[in-house]
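Asker: Take a look at the following structure, please.
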Amino acid sequence: MLRYRRQGNTLDFYHTYVPPKVRERGLAEKIVETGFRYAKEHGFKVIPTCSYVSGVFLPRHPEFLPLIEANPQE
């Protein structure tokens, strides 16, 4: 599950969850990648509040860095 908040043209990805029984199968990566692809296709920027998104996913997938909202407070 990828939880997010829409704020105008920005999606805040704030929580990723995979049930313990199905972890270690790459599901979180697939879920987050789908979220980024959706954002790209629909012209959204992303705020990577979730620690998995910012600390694990983005370092592995720098191709999505152009979608990151540079100054989410503005």
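The values are calculated or read from the model by the stated rules, or taken from the named source; none is laboratory data. Source: prediction; values computed, not measured. Cβ placement follows ideal geometry from the backbone for every residue including glycine, while neighbour counts extend to all protein chains displayed.
Asker: For the stretch 36-60, which positions are assigned to a helix (DSSP H, G or I) and surrounded by fewer than 14 Cβ atoms within 10 Å (Cβ to Cβ)? Spell out how you get there, then give the answer.
Answerer: Narrowing the stretch 36-60 to residues assigned to a helix (DSSP H, G or I): 36-41, 51-60.
Once the filter is applied, which keeps residues that are assigned to a helix (DSSP H, G or I) and surrounded by fewer than 14 Cβ atoms within 10 Å (Cβ to Cβ), the stretch 36-60 yields ARG37, GLU41, SER51, GLY55, PRO59, ARG60.
Asker: I would also like to ask the following. Please find, among GLU24, GLU69, the residue that is more than 14 Å from ARG3 (Cβ to Cβ) and surrounded by 15 or more Cβ atoms within 10 Å (Cβ to Cβ).
Answerer: Details: GLU24 fails: surrounded by 15 or more Cβ atoms within 10 Å (Cβ to Cβ).
So the residue among GLU24, GLU69 that is more than 14 Å from ARG3 (Cβ to Cβ) and surrounded by 15 or more Cβ atoms within 10 Å (Cβ to Cβ) is GLU69.
The rows are residues; the columns are (1) within 12 Å of the chain's Cα centre (by Cα); (2) among the aliphatic types (A, V, I, L, M).
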{"site": "THR10", "(1), (2)": "yes, no"}
{"site": "ARG25", "(1), (2)": "no, no"}
{"site": "THR34", "(1), (2)": "yes, no"}
{"site": "ARG37", "(1), (2)": "yes, no"}
{"site": "GLU41", "(1), (2)": "no, no"}
{"site": "VAL53", "(1), (2)": "yes, yes"}
{"site": "GLU69", "(1), (2)": "yes, no"}
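Asker: List every residue pair whose Cβ atoms sit under 7 Å apart, with the two residues 6 or more apart in sequence or on different chains, where the first one lies in the stretch 1-12 and is outside any strand (DSSP E or B) and exposed (fewer than 13 other Cβ atoms within 10 Å of the Cβ) and the second, anywhere, is among the small types (Gly, Ala, Ser) and at pLDDT 95 or above.
Answerer: ASN9/GLY43
Asker: Taking the options GLU33, GLU63, GLU24, name whichever one is in a helix (DSSP H, G or I) and without any contact (Cβ under 8 Å) to a residue 12 or more places away in the chain. Quick ask: steps written out before the conclusion?
Answerer: Working: GLU33 fails: without any contact (Cβ under 8 Å) to a residue 12 or more places away in the chain; GLU24 fails: in a helix (DSSP H, G or I).
Testing whether each residue is in a helix (DSSP H, G or I) and without any contact (Cβ under 8 Å) to a residue 12 or more places away in the chain leaves just GLU63.
Asker: In addition: Within the stretch 39-55, which residues are touching a residue at least 12 places away in the same chain (Cβ under 8 Å), on the phi < 0 side of the Ramachandran plot and out of contact with any strand residue (DSSP E or B) (no Cβ under 8 Å at 6 or more places or on another chain)?
Answerer: Of the stretch 39-55, the ones touching a residue at least 12 places away in the same chain (Cβ under 8 Å) are 39-40, 43-50, 52-53.
Okay, now just the ones that are also on the phi < 0 side of the Ramachandran plot, so 39-40, 44-50, 52-53.
The answer is LYS40, and nothing else.
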